[in-house]
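Student: Input: one structure, supplied below.
What follows is calculated from the coordinates using simple rules that are stated; it is not laboratory data. Quantities reported herein were computed from a predicted structural model and do not represent experimental measurements. In this analysis, Cβ positions are derived from the backbone assuming ideal geometry, glycine residues included, and neighbour counts consider all displayed protein chains.
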Amino acid sequence: MKFHPTRLDGAWLIELLPVKDERGAFVRTFCEREFGERGLETRFVQHSLSVNARKGTLRGMHFQRAPHEEVKLVRCQRGAVWDVIVDLRPASPSYFQWQGFELSAENGMQLYVPKGFAHGFQTLSDECDVFYLISEFYAADASTGLRHDDARFAIEWPLPVSVMSEKDRAWPDFAG
């Protein structure tokens, strides 16, 4: 694995390095030692899969409030997504900044999302599967989000939204 720092403090884009031969390929998607050497989370209590049928589907922007903040390790294992993170940590040098990344089955990139970030994605193709490793258990009372089109962040989405949950449409402007 190659770890590439992003513009947002503590977030990493992780390049997977498949070993290929006549059988196909083998690739490590996580290594406790390599993550630990960088001071990154190594305990993931929940593994989740988001299955998305239509191009333009938008999920986000989600996060959990303290003390249930979570680290996410995200990769697209089928199709392609525009994955976006927003730094919501007041003491961070990248506070209120956002950055987007194309994650796809083809490019094999993963995104390490630290605690204190909102996260969401938009599908760039039909039939997208997004796999998550998550460091904290889901806590419904701490689960919240911000609007994908909140003017404070001015996130640039690549496509018109084709599908979005009513819950995600109803997030208020961020008050933090």
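Student: So how do 127, 69 line up by other beta-carbon neighbours within 10 Å, fewest first?
Tutor: With the fewest neighbours first, 127, 69 line up as 127, 69.
Student: Another question, if that's okay. So how much slack lies between residue 34 and residue 107, counting 0.36 nm per residue of separation and subtracting their Cα-Cα distance, in nm?
Tutor: Net length gain for the segment: 24.2 nm.
Student: Then there's this: Given 0.36 nm per residue, what is the gain on full extension from residue 173 to residue 47 after removing their alpha carbon distance, in nm?
Tutor: Answer, rounded to one decimal: 42.4 nm.
Student: What are the lysines whose alpha-carbon lies under 26 Å from the alpha-carbon of residue 115, with same-chain residues fewer than 8 places away excluded?
Tutor: Straight-distance partners of residue 115: 2, 72, 167.
Student: Beyond 13 Å, what percent of the Cα pairs of the range 1-51 remain?
Tutor: Result: 69 percent of Cα pairs exceed 13 Å.
Student: OK, next. Rounded if a/c is under 1.5, else prolate if a/b beats b/c, else oblate: with a ≥ b ≥ c from the C-alpha gyration tensor eigenvalues square-rooted, which is the range 94-176?
Tutor: rounded
Student: If you rank 109, 61 by fewest surrounding Cβ atoms within 10 Å, what's the result?
Tutor: With the sparsest Cβ surroundings first, the list reads 109, 61.
Student: What number does the range 57-115 give for Rg over Rh if you use C-alpha atoms and the Kirkwood radius?
Tutor: 0.99
Student: Please give the charge dipole size of the chain, origin at the Cα centre, charges +1 on K and R Cβ atoms and -1 on D and E Cβ atoms. Round to the nearest 20 debye.
Tutor: Dipole size: approximately 80 debye.
Student: Which peptide among 95-103, 30-38, 83-91 comes first, and what is the full order, when sorted by highest mean count of other Cβ atoms within 10 Å?
Tutor: Peptide ranking by packing, descending: 83-91, 95-103, 30-38.
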